[in-house]
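In what follows, a structure is listed as structure tokens, so that the remarks can point back to it.
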Amino acid sequence: MTEQITARLKVPVQYVKDPAEVYKTVSNTRDPGSAGKSVLLLTRNKGPFIRRCPGTSHYTCCGYRILHIGTYCSMDCAYCILQAYYHPPVLQFFTNHEKMETELKAFFGQKKTGRIGTGEFTDSLIWEAIHPIAGRLVDMFSRQHTAVLELKTKTVLVDNLPRSGHGGKTILAWSLNTERIISNEEHGTASLAVRIAAAEKCQAKGYPLAFHFDPMLLYPGCKQEYGRVADMLFERIDPENIVWISLGSFRFMPELKDVIARRFPDSKIVFSEFIKAMDGKMRYFKPLRIELYRSLIERIREKAPDVLLYFCMEDDEVWEKALGFTPDFFGGLARMLDKSAEKICGLYPER
Amino acid sequence: MQAEQESIDTALIDLSDQKYFYTDQQGIEELAGSVGFVGLISPPVLQAKHKGGFRVVAGFRRVSACISLNLEQIPARVITAETDALYCFQVSVADNAATRALNMGEQCSLVENLHNLCGTKEAVSQALEPAGLRVPPALVEKFIRLSKMPDEVRQGVSGNYLSLNTALDMESLSRASAIAVAGVFRKLRPGLNQQREILEGLRDLAGRGETSIDSMLEGPEFSDITDSYDIDRGRRFSLLRSLLYRKRYPALSRAEDAFYRRKKNLGIGGDMDLKPPAYFEDTVYTMILRFSSARHLCSHAEALGRICRHPDLEAILKREIEDTSDLY
Ligand code: SF4
């Protein structure tokens, strides 16, 4: 696989004995956040491919699993948490897919609904340009009925995905943001209209869809602009095909502030009204988050009253005040998401 | 040092030649008083110039004091015109080290001069060591950075009202903003943590892109506080801190105001306290009761009963959102 990828990329190749050599080189640069995007480390994943989503204390987490195919990203969002999550952040793609497939087979054997995605430590679809992996995963998931795969992206690299035979077991998901945030903060990503058009293409191929309004950012006029994003979405996408929509506001480890200020001097996103929340991360003052969520939820509900909305990492007060209920009412957040996946993706785990 | 002690005409000393000048020139009058009383105890070091006359290597204040006393001749140790500049600086540093410690601003000017001569921070550090001044290479680097900053910032460091690290943290500010911040520190003389707090607050506010730090500080909202010399410095600092807080956290400030307004209505006595969760993020409030007897505790119980039925407590716990529609 390494030879195939290097042949395809036509860039200078260097073999290293130990990935630590690459980490060291990147760490020693003035801007590791950028340097880590200019090398691609092809290596074996020595740890597990399937991991629990790290979640965070004090806030409701959804029991998601991560399929760890690689790290970091070739796009460059100012707010990207990965810049501070890895020390240093390095674009790396794991090549020992036999191990990944063995772990996946065990995962499929579980007698409960599984939700897993590749888009937490990297973007799910950037790798299509160097080694198409999504098609193989879609195929593997199509042959079982207990778990659903979520491919989360800000790209539109969906042309390689199988037209049929996916069995609805792969959800194509896009992170959405306002046009202003996309053009000012999400460098190198696809525009909003193009993302929605790609989602529409996948809808036409019968894929279930999901959308993530995350991170939502506060700025004057943001409520109207997020509302406009919802309008654009439902002009093209049928809510019946949406498995879930998540909402989350910008939150970050305090160390990220300096990284953003240094790497993106024109960005204003770290200068809003942030407080240190219960998990030690910086978050918008809670009433501001609730207000922002409420306004978008209201707009989404006008077009898609039944679509499953959930919060990524918020507490019961936010749920209650913005959505009118807490996850406990429906058996917990994990159960809510499982049920939606079961219904729309046709899962039938043995219980 | 190879230097002959001689008696030199003060008219031949060129004080405008500042090749080796890096020290502050304060206290010349007091020094003149002491020279007039006991004479010049420690002669300055001069270097002969190729075209005639002398430049000062060490002892600018002493020479100035003697000239102010109209002394026509003074004793001095004279080194030759051929002596290299680095050695002259070392002599000067050694001469100073024997009498007093150089302040940060002086060290900064000295390092800047030496860096031009030696080229690297390590060489500067090595050159200073034998002269009795220990400046590690990392500190040399900081001084070189400081030397590129506006005079007002350097003066703040020399004057001890601006820490070296805070000054370096101001490197990313525009020149006008750095000067304005140094001006605030000169007026308020805040401690190190307070300097950091002010700088971070100003930077966060300016980061929103609505206005620059210098225009903010020149505006009446800030200058009315910093320039109110009839108010003592500590109070002015508190007012500035509070203004920065309200501007940085407008919605949180409103929520705090509402909380304290309602808390006041609850009639909580001095030996009880109600505390909100940090930043109102959690939903758990804390009630503190201080008591010294069972009777005292019983009186708290009665007060608690009254507080529990109070509509303002309900409003506090409901955590109704203050209107923030004007903000976003
Ligand atoms: S697309 Fe996602 S992973 Fe890539 S830079 Fe943006 S936030 Fe980070």
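The values are calculated or read from the model by the stated rules, or taken from the named source; none is laboratory data. Everything numeric here is computed off the predicted structure, so don't read it as measured data. Reconstructed Cβ throughout: ideal geometry from the backbone, glycine too, with neighbour counts over all protein chains shown. Side chains included, ligands, DNA and RNA excluded: accessible areas come from the protein's heavy atoms. Shrake-Rupley method; radii C 1.70, N 1.55, O 1.52, S 1.80 Å.
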**Item:** Area accessible to solvent at residue B:300, 1.4 Å probe radius, in Å²
**Value:** 10
**Item:** Rounded D (µm²/s) - the range B:264-327, Kirkwood Rh over Cα pairs, Stokes-Einstein at 20 °C, 1.002 mPa s
**Value:** 160
**Message:** How compact is the range A:187-267 by the rule of thumb for globular proteins, expressed as Cα Rg over 2.2 N^0.38 Å?
**Reply:** 1.31
**Item:** In range of the label at residue B:51: residues from the range B:81-108 whose backbone nitrogen is under 17 Å from the point 7 Å along Cα→Cβ
**Value:** B:81-82
**Request:** Enumerate the residues in the range B:213-250 having an amide nitrogen under 15 Å from the point lying 7 Å beyond the Cα of residue B:176 toward its Cβ.
**Result:** B:213-220
**Request:** Mind pulling the per residue volume of the convex hull built on the Cα atoms of the range A:210-351? Å³ is fine.
**Result:** 139
**Charge dipole (the range B:264-327, unit charges on Cβ, about Cα centre) - positive-most of B:289, B:278, B:311** = B:289
**Asked** Could you give me the ³J(HN,Hα) list for the range A:343-350, computed from phi with Karplus coefficients 6.51, -1.76, 1.60 and θ = phi - 60°, whole Hz, x at Gly and Pro?
**Response** 5, 7, 9, x, 7, 9, x, 7
**Request:** Decide, for the protein assembly as shown, between rounded, prolate and oblate: order the square roots of the alpha carbon gyration tensor eigenvalues as a ≥ b ≥ c, take rounded if a/c falls under 1.5, and otherwise choose prolate if a/b is larger than b/c, else oblate.
**Result:** oblate
**Fill in**
Ranked by GNM mean-square fluctuation in chain B (Cα springs under 10 Å), the top entry among B:112, B:29, B:152 is B:29
**Message:** I'd like the distance between the alpha-carbon centres of the range A:174-218 and the range A:240-315, rounded to an integer number of Å.
**Reply:** 16
**Request:** Label the range B:1-110 by shape, choosing from rounded, prolate and oblate, from the square roots a ≥ b ≥ c of the eigenvalues of the Cα gyration tensor; if a/c is under 1.5 it is rounded, and otherwise prolate applies when a/b is larger than b/c, oblate when it is not.
**Result:** oblate
**Asked** List the aspartates and glutamates whose alpha-carbon lies under 20 Å from that of residue A:17, not counting same-chain residues fewer than 8 positions away?
**Response** A:3
**Choice from A:154, A:281, A:46 with maximal GNM fluctuation in chain A (Cα, 10 Å cutoff)** = A:46
**Gyration tensor verdict on the range A:1-142 (Cα atoms; rounded if a/c is under 1.5, prolate if a/b is larger than b/c, oblate otherwise)** = oblate
**Item:** Of B:159, B:88, B:113, farthest towards positive along the dipole that unit charges on Lys, Arg, Asp, Glu beta carbons give the range B:82-176
**Value:** B:159
**Asked** Between residue A:339 and residue B:273, what is the FRET efficiency for a Förster distance of 60 Å, r being their Cβ-Cβ separation, to the nearest 0.05?
**Response** 0.85
**Prompt:** Can you tell which of A:22, B:219, B:301 lies farthest toward the positive end of the dipole of the protein assembly as shown, using +1 and -1 charges on the Cβ of basic and acidic side chains (Lys, Arg; Asp, Glu)?
**Reply:** B:301
**Asked** Which value, in Å², gives the accessible area per residue of chain B when a 1.4 Å probe is used on the protein heavy atoms?
**Response** 52
**Request:** With 19 Å as the limit, write out which pairs from A:223/A:321; A:257/B:142; A:24/A:154; A:169/A:201; B:263/B:318; A:111/A:205 have Cα-Cα distances beyond it, or answer none.
**Result:** A:257/B:142; A:24/A:154; A:111/A:205
**Request:** Pop a pseudo-label 7 angstrom from the Cα along the beta-carbon direction at both residue A:201 and residue B:41 and give the gap in nm to one decimal.
**Result:** 8.7
**Message:** Only four residue types carry charge here, +1 at the Cβ of Lys and Arg and -1 at the Cβ of Asp and Glu. Report the dipole size of the protein assembly as shown about the Cα centre in Debye, rounded to the nearest 20.
**Reply:** 2020
**Local net charge near residue A:259, Cβ-Cβ under 14 Å (Lys/Arg +1, Asp/Glu -1)** = 0
**Item:** Antiparallel bridges, percent of DSSP beta bridges restricted to the protein assembly as shown (to nearest 5)
**Value:** 45
**Prompt:** To the nearest 10 square angstrom, how much accessible area does residue B:122 have with a 1.4 angstrom probe?
**Reply:** 90
**Complete:** Rounded to the nearest 100 Å², the accessible area buried between A and B, both sides, probe 1.4 Å, is 2100
**Request:** State the Cα centre-to-centre distance between the range A:5-63 and the range B:185-249 in whole Å.
**Result:** 43
**Prompt:** With charges set only on the Cβ (+1 for Lys and Arg, -1 for Asp and Glu), what does the dipole of chain B come to about its Cα centre, in debye to the nearest 20?
**Reply:** 1020
**Asked** Which value in deg cm²/dmol, rounded to the nearest 500, describes the helix-derived mean residue ellipticity at 222 nm for chain A, given -39,500 (n - 2.57) per DSSP H run of n ≥ 4 and division by the residue count?
**Response** -10000 deg cm²/dmol
**Request:** Report, in debye and to the nearest 20, how large the dipole of chain A comes out about its Cα centre when Lys and Arg carry +1 and Asp and Glu carry -1 on their Cβ.
**Result:** 600
